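Structure first, commentary second.
Derivation of every value follows stated rules applied to the coordinates shown; laboratory data play no part. Predicted, not measured: the structure shown is a model, and the values here were computed from it. Here the Cβ positions follow ideal geometry from the backbone for every residue, glycine too, while neighbour counts run over all protein chains shown.
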């Protein structure tokens with residue numbers, strides 16, 4: 001499942017020609033191109049590389065439920081709570097929930113709290 005991210009980009013023409021693209025919410029996103037279209041395509045590629053490289057190490061608590069399945073919570077992210085029929089499903093659901101939390105925080109101009 002693909003994610004859609006809405007991020008503000010700053011496209012600045014350069015005196016020597018071409019454009020630079022930055023993102024106020026992702027300081028590591030800095031790229032350029034010979035024209036606006038190339039610069040924006042390079043920004044898209046840079047964003048894909050940044051998102052792909054994100055690895056979050058968070059403590060998860062898996063609790064077996066009396067009726068079956070597992071509940072997953074995270075002590076560092078109280079908003080992360082999900083469940084699954086088995087451990088694999090519960091962990092996949094936790095991953096999906098984390099992606100939604102990261103996206104929501106990005107929309108608000110925030111990031112995950114430090115571990």
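Couple of notes before you dig in:
- From largest to smallest, the equivalent ellipsoid semi-axes obtained for the range 10-52 from the alpha-carbon gyration tensor read 18, 11, 6 Å.
- Given (i) 1.39; (ii) 1.33; (iii) 2.00, the label whose value is Cα Rg over 2.2 N^0.38 Å derived from this model: (i)
- Two-site label geometry, residue 91 and residue 65: point separation in nm, points 7 Å out along Cα→Cβ: 1.9 nm
- Sequence-distant contacts, meaning Cα pairs under 8 Å at least 6 residues apart, place the relative contact order of the chain at 15 percent.
- Length gained on full extension, residue 20 to residue 105: 28.1 nm, using 0.36 nm per residue less the C-alpha separation.
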